[in-house]
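FYI, it's all coordinate maths here, none of it is from the lab. Please read these numbers as outputs of a predicted model, since none were measured by experiment. Glycine also receives a Cβ, built like all others from the backbone with ideal geometry; neighbour counts cover every protein chain displayed.
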Amino acid sequence: MSPAPPRVAEAPPAEGAMPGGTPVWVGVPTGEVFVPGQVVTEEPLVVRVGQDQVVGPKQVRRAVTHGMGAQDACALTQLNDACLLKNLEQRFCDPECPGGMYTWVGPVLAAVNPYEALPIYGADTIAAFRRAKTATQSAPHPFAVAAQAHRQLLRSGRKQGILISGESGAGKTETAKHVMKYLAADSEAGVEKKLLGVNPILEGFGNAKTLRNDNSSRFGKLLRLHFQQKSLTGASVETYLLARSRVTQVPAQERNYHAFYALCNGLSKEDPLTEQLWVHPAENFRYLVPPEEPDGQLYMEDSTFLQSIRDALSSLGVTPEQEQEIFRAVMAVLWLGNVEFEETGQGCALVESSRGALERAASLLGVAADEGVEAAEVLLALLTEVKVLDRTRRLSKAKAEAQRDAVARAVYVTLFDGIVTLINDKLGSAAVSSDSDIGVLDIFGFENMPTNSFEQLCINYANEKLHQFFLQQVIVQEQAEYRHEGIAFREVTPQDNSAVIDLLAAEAGVFDLLNSITGDSMRLAQLDGQSRQNNDHFSTKVHELGGKTAGLISLPRSHNRRPCRKEQVFCVAHTAESVVYTADGFVEKNKDDDATVAEVLLRSSHPLLRRDPASGGNRGRTSRCIAGKFQRQVDALMAELAESSCHYIRCVKPNEQRAAGVFDAGKVYQQLKVGGMFELLVLMSLSYPTRIPYSDLFARYGPLLHDDALSVLGDGAPAERLLVTIILSLLQQGKFEQVGVDALQLEDFAMGTSKVFFRPQKMEPVESLREICAGNPQAAAEVAQVIAAEIRRRRILRVKAAFRACVLLGRRARALRSLATVARQLRVVTRVRSVASRWVRRAVEPLRRRRAAAVTVHAALRSFSARRTLERLRREARAGRVIRAAVLVFLARRRLAALRRARSAAGAAQGEAGVSSNNTAAPPSAGTPRRVPTPRPDPEETDDEESENTEDKKLTAQEEIEAQVAAARQRAMADKLRSAEARRRASADTSPGKATTTQRCGSGSTAPRSKRMRMQSPYDEKENERRMINEGIDFSRGLAGMKPFSSAASDRSSHTSRSSSISRVLRFSCMTDDGDDGVDDAPQVVFTRPTGMRWPAAYRTGPRNQRRLTMGPRDAPAECSSPVKRKCGVPQGGGKRSKIPRIAMSG
């Protein structure tokens, strides 16, 4: 299956311009990833690729003109992803470079699998790497990484870790062998042979042939090597997640574990184990027959493999009896797989042809027989029966087969754990301290198979954790170290995969859901009959979880529609690439143990399978799930690695065909990208991968100096930093070239707060200087002399600098004294000024208070005078209104009397005119009596009658005469009223506080008291008030009390403003009739309103814009009495009241 063309990652832009003719690498969407090109023009960017020209390509990287094929990619002149890829390819394909598959990328070793055996791992190569003092002096090789870890262990005493990572088939297992071979070369007697014998045993029982790798590790292992002083004294092995499902279900075109085939096909017929263990060829066992036979050659011949396993067991000190027990358990698993069942009416039953397989399996397992029941029947009952509520019930065929496979898997996993325990016992790990360890981690790489199940999910989770640890250790912690030490560096942002890890391992994540469903299944004793329902439930829960994540879980592109029940799938977006998982079998594969399996192991007498009864079924549901157990193991591994100083080897798979000398650039590029190598390359090129504390360098070079030089340096951290600064300065100046040490450039190192940092391959001068001093006393004396001379020179310079500083300090002291004098004077002036200003404020303050008091008194006096003047004006205004009202009332009454007399006379005249007309037509009879004129009716009643008959009657000639006479009288009355008003105002100006007892009217003649209008007193105030409201007149305020009858007349708030406005717009005139009839006519007051003013309906008589008020004794409003009494000084008690005339309205 060929991979899709990889997507080229964005790299940092190349520094500087790219003028025409610059060689570049151009990214292309093919397997080559990058092809060579040349810049034609820079603006716009045009690149010639072969015979074609590309305008504005998206991925353009500067090419390296010389130095390609460097052992350290950080030494290239151009550091980008294209240069790293091409450098690996050139070294891998160079036939003249035997170790070309290895390349340094800073502190990380990139190892490309050559798929062939090379003569570069012998004893002479080990000796060569032992002579190298630093890793940077060594060629890239697994031996160099092992040597570096060993040196740091001896130097610092801190645990070391070597992490070997990569995808399946990249060569992790072989690389781990090379590391172990180097570390075991210098060990105690017999330890190396035992240690090297571990690999064949673990490979035989834990490795298998897969589509990607002929010797694929189906488990992870951590090999701890224990050192004392410089020698290896012991080791221990810890394994992770053996793929137990492969025991009973082999994928297509793959094989089961190597040990099965080695034992069945490699054991000769003459060997006594063949009969004792009933060994048959592999094709006779159901567990060893895959659906499709694998293609290609085997990793190793079965017979050869079996012999290597037996030799390794022998080298470890395993006895023949223990070896036989191991092989007996292997054959027990195979014979157990050949047991078959058939359906009956009441459950399942054993197929008689497989009874021999059942008996052999029971015998090989050592199942104990019960009383009267053979061991085979006991095993059959365990496989086909289950207890439900104290009753025994037979299982169906499917459930019995699932029970059989579960027992087989448990037996093989228990055997594998027992072999690991036996290896640790033989290596003597219990008696060795773990303080000085080197851990070699060989764990499965990232996997994306055609069909991915539970094992692939666990494997990819472990790779996600390791990738996160690598990024944190190498990139994030590197940058944090630079920040802490104050070293300038360029920010590099690595890929963050914490979201994927949380999705899988966090609370309510995928593993948590799987453990919950598996625990419920085990508690309810649900086996394969209910497995489909459990897997569907798990798949549904995962899809629900995917709806809460940002695309981390989804349906694969080939399953856009809803998946069927037989193929429940989900897709997880891993850091490397998205992987499609099939949920079928997840729950069953997650079961670590159940009651039946525990019962079989408890009844077994096999020494490697025997289980303590106390460790039976008392564990919790989660602890009995493989996912939970594996998650805890990975967390413990990460915690252990965090306490170690780690070294990294990134294994790379060059092609899918596993062919030697073939370099697939697209596949390699994808692995480098996923492994974070491009980010690491940029960081290493801009940083300082080598760093040494000042205290370590002081401890190396301090003993070379004499006591007088050390006394000059002093003690503590400043002395350590000063000595390191002096040594680096001398190296920079080339002072040690006479002893064979090269010069050091300024940009090759940086000094932090507690450490000195060196760029890649730039620490050799410092190490060479130390080695020369340690091996050559004369050279050491010369170096010490140079260092002491530099120390004395710097001391003299410090003394001179101190003298200059003293002189400068004296000058500054004098300047400071002068400045202090000026400051004191300024302070005195400031103090005097403040005192003077305080005295001035004290003197001015009384004046301010006096002025404020005077202003207050003046304001009070003016306010008092204004209030008195205002009160006087108000009293005068009130008195004027009272007098005016009284005069108007008196005139109105007088005119009313005159009008009544005039009406009586008019009635009489009208009667006489009627008589004269009758006499003209027909002379009256002598007996006709004379018509006596009737008195004029009440004005209000007359007005009502006239208003009712106005529309039906026409004016007679007599009425027209009366109207003319009335108009003349009104004009005369108006003239008299104006003259009377003028006289009243004149008299009011002379004596405003008194009221006259004589009322003037008409031409100004004074009427005698007997001729005055009678004034009615006292009043019915409530009745008068009601009438006054109906009439709309307030005579207590004079003419200003006349209010227009409109809809707004009820607005009390605007009463005052309207009254004053009416007094200005209403014009009035007073008319009287002093005819010869001897009757003093009542005066009439005629009010003329402007156009637009509205009158009440009761007053709508006469001319359109005029209304007349006729003075009468019974028509004055009641409100006139009380104000007049109060304002005119009439006593409120029992004194005699003044008689104020009333006012009546006439048409």
Order of S308, S363 - criterion: other Cβ atoms within 10 Å of each residue's Cβ, fewest first: S363, S308
Positive minus negative residues near L422 (Lys, Arg vs Asp, Glu; Cβ under 11 Å): -3
Pair E747, E343: separation of 7 Å Cα→Cβ label points (nm): 8.0 nm
Length released on extending from V289 to D520, taking residue separation times 0.36 nm less the Cα-Cα span: 79.8 nm
Label-reachable residues, region 190-213, where backbone N falls under 20 Å from a point 7 Å from Q228's Cα toward its Cβ: 190-196
FRET E, pair L797, R817, Förster distance 41 Å, beta-carbon r, rounded to 0.05: 0.85
Extension gain, T540 back to L809 (0.36 nm per residue minus Cα-Cα distance, nm): 88.7 nm
At R0 = 41 Å, FRET efficiency that the Cβ-Cβ distance of S979 and A860 yields, to 0.05: 0.30
Amide H contacts of H647 (H built 1.01 Å from N, under 5 Å, at least 5 apart or other chain): G161, I162, L163
Residues whose placed amide H lies under 5 Å from that of Q228, excluding near-sequence neighbours: T233
Relative exposure of V24, V351, judged by other C-beta atoms within 10 Å (fewest first): V351, V24
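Classify region 704-775: rounded, prolate or oblate, from the alpha-carbon gyration tensor (a ≥ b ≥ c, eigenvalue square roots; a/c under 1.5 rounded; otherwise prolate if a/b is larger than b/c)?
oblate
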Summed residue charge, Cβ within 12 Å of H178's Cβ, Lys/Arg positive, Asp/Glu negative: +1
Sites M18 and Q733, calculated FRET efficiency, Cβ-Cβ separation with R0 35 Å, nearest 0.05: 0.40
Projected label distance in nm at N776 and T549, using a 7 Å step from Cα toward the beta-carbon: 6.2 nm
